[in-house]
Amino acid sequence: MGRKKYVIVMAAGSGTRMGSELPKQFIELDGKAILQKTIEAFTQACPDVSVVTVLPEAHMAYWRQYCLERNFTCPQVLVKGGITRFHSVRNALERIPEGAVVAVHDGVRPLISQNLIRSIFEKAETVPAVIPVIPCVDTMKVLETCGDELVTVPGASVDRSMLFGAQTPQVFHSEVIKEAYSLAYDTSFTDDASVVDKYGKNLSYVIGERFNIKITTQDDLLLARAILSLSSFS
Ligand code: C5P
């Protein structure tokens with residue numbers, strides 16, 4: 001028998017970059033909270049997955065009420081977020097047993113396909129840590145801030161063919177990610193793979209999806225609505 005599947009849905013951010021009172025994970029897209037759409041992507045792709053939802057303490061009652069009113073009955077373990085994403089993940093990992101496989105996914109990436117969810121869990125049957133990445137299509141510049149200006153860093157350049165953007169879900173055998181999160185916090189830990197890498201474990205990669213965007217700003221919200229309206233998107 002395979003490992004039991006969990007998804008930790010990260011939704012404890014305050015969403016200041018969206019510029020709205022309501023944190024972005026609760027804003028509606030297609031008549032449903034972004035967070036609900038994200039959770040449903042997982043439960044529809046893998047009906048046997050257990051959901052751990054990480055929320056800001058101040059919005060736990062809001063979310064319970066929202067789910068009640070919308071008759072959104074998916075079983076969820078609710079966990080209080082921490083000061084940074086790292087601390088939020090660490091809180092959630094306390095609710096994950098040994099011998100499981102756990103996906104950590106941003107609650108504000110609702111456009112992930114069921115295909116990617118299934119294929120990344122499948123890959124994690126053979127490797128302990130796997131993350132989706134997409135090749136960088138833009139030319140990247142190494143710049144620094146000088147007062148109000150951006151200026152060139154002399155001689156600094158990056159080879160675009162070696163650059164990839166990391167997405168979520170990032171999927172791990174539970175013992176690997178739990179051990180890695182025993183490390184002390186470091187500001188370079190902006191995703192789970194960076195923690196597992198610092199801990200010295202090998203990472204595997206799959207190609208992610210362009211539409212698996214992290215809804216962060218008002219522009220992202222417009223983009224998400226446009227993607228959802230495409231007849232070819234389902
Ligand atoms: O802020 P950032 O873009 O890294 O957030 C990525 C995801 O992590 C978001 O879904 C956000 O709600 C979540 N997060 C969290 N706890 C924090 C900060 C962010 O769960 N303290």
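Data for the structure
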quantity	calculated
Gaussian network model of the chain, Cα within-10 Å springs - most flexible of Ser161, Ser182, Ser50	Ser161
Normalised convex hull volume, the chain, alpha-carbon set, Å³ per residue	155 Å³
For region 1-109: accessible area per residue (Å², 1.4 Å)	46 Å²
Extension gain, Tyr205 back to Ser161 (0.36 nm per residue minus Cα-Cα distance, nm)	14.3 nm
Choice from Phe211, Phe72, Phe121 with maximal GNM fluctuation in the chain (Cα, 10 Å cutoff)	Phe72
Candidates Val151, Val102, Val195: whichever shows maximal mean-square fluctuation once the chain is modelled as a Gaussian network with Cα springs under 10 Å	Val151
Check: the chain dipole with +1 on Lys, Arg Cβ and -1 on Asp, Glu Cβ, in debye	540 debye
Dipole of region 5-233, positive direction: furthest Cα of Leu163, Thr187, Ala58, with charges on the beta-carbon	Ala58
Estimated inter-spin distance, Glu179 and Glu21, nm [label 7 Å along Cα→Cβ]	4.8 nm
Count of Lys pairs (Cα-Cα under 19 Å; at least 8 positions apart or interchain) in the chain	15
For region 107-234: rounded, prolate or oblate by the Cα gyration tensor [a/c cutoff 1.5]	oblate
Fraction of accessible area attributable to carbon and sulfur, region 68-220 (%, probe 1.4 Å)	51 percent
Euclidean distance between Cα centres, region 1-57 to region 65-81, Å	10 Å
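The values are calculated or read from the model by the stated rules, or taken from the named source; none is laboratory data. Model, not experiment: these values are computed from the prediction. So basically every Cβ, Gly included, is an ideal-geometry build from the backbone, and we count neighbours across all protein chains shown. Side chains are part of the model used for accessible areas, which takes the heavy atoms of the whole protein and leaves out ligands, DNA and RNA. Shrake-Rupley method; radii C 1.70, N 1.55, O 1.52, S 1.80 Å.
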